[in-house]
Structure formats: C-alpha cells, structure tokens
Amino acid sequence: MKKQRPKKVNETLSDKRVRAGEILSLLEEEYPEAKCHLDFDGPFQLLIGCILSAQCTDKRVNEVTPGLFKKYPTPHEFARADQSELEKEIHSCGFFRAKSKSILNCSKALVEEHNGEVPRTMDELVELAGVGRKTANVVLGNYFGIPGIIVDTHIKRLSTRLGLTTNSDPTKIEYDLNELIPQEKWTIFSNSLGDHGRTVCHARKPMCGDCMISNLCPSAGLF
Ligand code: SF4
C-alpha cells in the first residue's frame with residue numbers, strides 16, 4: 001500500500017495544542033477504560049511482559065507469562081535461570097534468544113543493583129537490558145502513575161496521520177507529543193490513542209468514515 005502523507009496543516013503551536021486537546025477529549029470519551037493490554041501483577045511482571053512484547057502481540061505474551069511467572073516468580077529466579085530453558089519458555093514470543101538474554105541481564109541488574117526492585121526513574125530504567133524509553137514509559141505510567149508518552153507502533157502511526165509530528169524517530173515523536181498534551185494526560189493519551197489504532201485507525205485500512213476524530217485529522221479520507 002502506498003504510504004500516504006497527511007495534508008499539510010498550517011497551524012501555530014498553540015493551534016496545534018488546541019487541536020491535540022480536542023483529540024484527547026474525544027479519545028477519553030470513546031475509550032474511558034483504556035489501559036495497558038498486558039496482564040501483570042506488579043512492576044517486574046510488567047517490565048518482563050514489555051520485553052517479551054517486542055515484535056509480538058500482547059495476546060501471545062499474555063498466553064506465555066502465567067506459566068513463566070509461576071516458574072520464575074521474582075527477578076532472583078530469573079537471574080539464576082538457565083538460558084536455554086528460558087528460551088524454551090518464551091519461544092512462541094519470537095526473538096527468543098535476544099529476549100531471554102535481555103531478561104536474564106535485566107533480572108541480574110535488578111538483583112545486584114536495585115535490591116530486586118524495579119526502579120522508578122527513566123534514567124535507571126533505560127540502563128536495564130532490553131529496556132528503552134517505550135518500555136520505561138509503559139512501566140512508569142501504567143504502574144507507578146508517572147505519566148509518559150508511549151511511542152509504540154500505533155502511537156507512531158496515528159500521531160503522524162493526525163499531523164501531530166513530522167518525525168519518525170520515536171524519541172523525537174515522544175518530545176513532540178510532550179509539547180502538545182498536558183503532562184498528567186501523557187499515559188491516558190497513549191493508551192487511548194493505542195486503542196483507537198487497534199479498533200479504527202488500522203495500519204492498512206483506517207476506517208475514516210467511522211472515526212470520531214476525523215474532523216480533526218488531516219489524513220481523513222486519504223486512504
Ligand atoms: S480520520 Fe482516518 S486516518 Fe485520521 S485518525 Fe481517523 S481513521 Fe485514522
């Protein structure tokens with residue numbers, strides 16, 4: 001499918017903030033229950049779920065994690081795990097070698113440097129193996145209540161279609177959205193925009209005719 005660019009919107013930063021605020025209000029109304037789609041009990045399970053979810057669906061991760069956390073309940077058990085055994089456990093999530101390595105190294109660092117606890121700052125989280133800003137913001141926002149824009153595949157696609165960013169680098173997109181959305185709403189915006197991407201603004205065939213933010217979207221009807 002040919003990649004479509006949103007129509008050019010001539011608007012000031014303050015106009016764009018107003019439009020982003022209107023988009024946010026409609027998203028909040030439409031997806032009042034928007035939340036992280038990974039099942040987890042505590043920040044460590046969420047962190048591991050995020051590592052497993054790279055290039056994999058949340059549904060698949062949720063099928064794998066109950067058995068995984070039964071076998072390895074805390075970072076201590078993961079840190080002592082045999083890598084090839086761990087690879088078998090997470091095989092169906094894809095990239096099982098890289099992911100098992102990340103999980104082992106991440107767990108070791110948690111045990112050795114953080115007393116077995118998940119740290120609650122961006123700087124400390126991104127030092128952990130397999131953890132980038134996206135995962136850090138998922139954990140900070142969805143467990144610790146510290147808001148963050150979560151630039152996953154849906155946020156990337158939708159923020160571009162909505163003309164809220166012209167960047168393709170996830171960190172730059174995050175900073176662009178930080179400028180447009182009030183800080184306390186960063187996680188809510190991410191989760192509800194993600195839900196909109198899953199249900200209406202699909203990658204291949206966005207359903208612009210059924211989209212409640214189409215009046216605010218420069219890409220409406222382009223597909
Ligand atoms: S109008 Fe179309 S492209 Fe824009 S957000 Fe809605 S579904 Fe996506």
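Report the calculated FRET efficiency for ASN215 and ASN115 (r = Cβ-Cβ distance, R0 = 35 Å), to the nearest 0.05. Each step should come with its number before you reach the end.
Values: r = 51 Å, r/R0 = 1.46.
About 0.10, to the nearest 0.05.
If we count other beta carbons within 10 Å of each Cβ, what is the order of ARG157, ARG80, fewest first? Before the final figure, lay out each step's value.
Numbers: ARG157 16, ARG80 12.
Ascending Cβ contact count within 10 Å gives the list ARG80, ARG157.
Residues of region 140-167 with amide nitrogen under 11 Å from the 7 Å Cα-to-Cβ point of GLU33?
Output list for this probe position: empty.
For all pairs of alpha-carbon atoms in region 43-142, what percent lies in each bin of width 5 Å, listed from the first bin to the last filled one?
Spelled out bin by bin, region 43-142 gives 2, 15, 27, 28, 19, 8, 1 percent.
For every other residue with a beta carbon closer than 11 angstrom to the beta carbon of CYS201, add +1 if it is Lys or Arg and -1 if Asp or Glu, then tell me the sum. Mind dumping the intermediate values first?
Numbers: positive: ARG157, ARG161, ARG198, ARG204, LYS205; negative: ASP195, ASP210.
Overall, the nearby charge balance is +3.
Please work out how much length the chain gains when fully extended from THR171 to SER25, using 0.36 nm per residue of separation minus the C-alpha to C-alpha distance, in nm with one decimal.
Numbers: separation 146, 0.36 × 146 = 52.56 nm, distance 2.41 nm.
Stretched fully, the THR171-SER25 segment lengthens by 50.1 nm.
Once you've got the Cα coordinates, tell me which of LYS35/LYS99; LYS70/LYS134; LYS134/LYS185; LYS35/LYS205; LYS99/LYS185 are over 22 Å apart. Mind showing how you got there, number by number?
Details: LYS35/LYS99 24 Å; LYS70/LYS134 26 Å; LYS134/LYS185 16 Å; LYS35/LYS205 24 Å; LYS99/LYS185 31 Å.
Flagged as over cut-off: LYS35/LYS99; LYS70/LYS134; LYS35/LYS205; LYS99/LYS185.
Under 15 Å from the Cα of LYS156, which aspartates and glutamates turn up, not counting those fewer than eight places away in the same chain?
Hits, sequence-local ones excluded: ASP169, GLU174, ASP176, ASP195.
By average Cβ neighbour count within 10 Å, what is the ranking of 203-214, 106-117 from highest down? List each step's numbers first, then the result.
Numbers: 203-214: 14.1, 106-117: 16.6.
Highest to lowest by the protection proxy: 106-117, 203-214.
Using a simple spin-label model with points 7 Å from Cα along the Cα→Cβ vector, what separation in nm is obtained for VAL9 and GLN55?
Here the modelled spin labels are 3.3 nm apart.
Quick one: net charge around THR121, please, counting Lys, Arg +1 and Asp, Glu -1 for every other residue with C-beta under 14 Å from its C-beta. Write out the running numbers ahead of the final one.
Details: positive: ARG120, ARG133; negative: GLU113, GLU117, ASP123, GLU124, GLU127.
Taking every other residue near THR121 into account, the sum is -3.
Round to the nearest 10 and give me the degree value, 0 to 90, for the angle of helix 13-30's Cα axis relative to the longest principal axis of the chain.
The angle comes out at about 70 degrees.
If you fit an axis through the alpha-carbon atoms of helix 186-199 and take the longest principal axis of the Cα set of the chain, what angle between them do you get, 0 to 90°, nearest 10?
80 degrees
Read-outs throughout are calculated quantities, based only on the coordinates presented, and are distinct from any laboratory measurement. Source: prediction; values computed, not measured. No Cβ is skipped: glycine too gets one built from the backbone with ideal geometry, and neighbour counts run over all protein chains shown.
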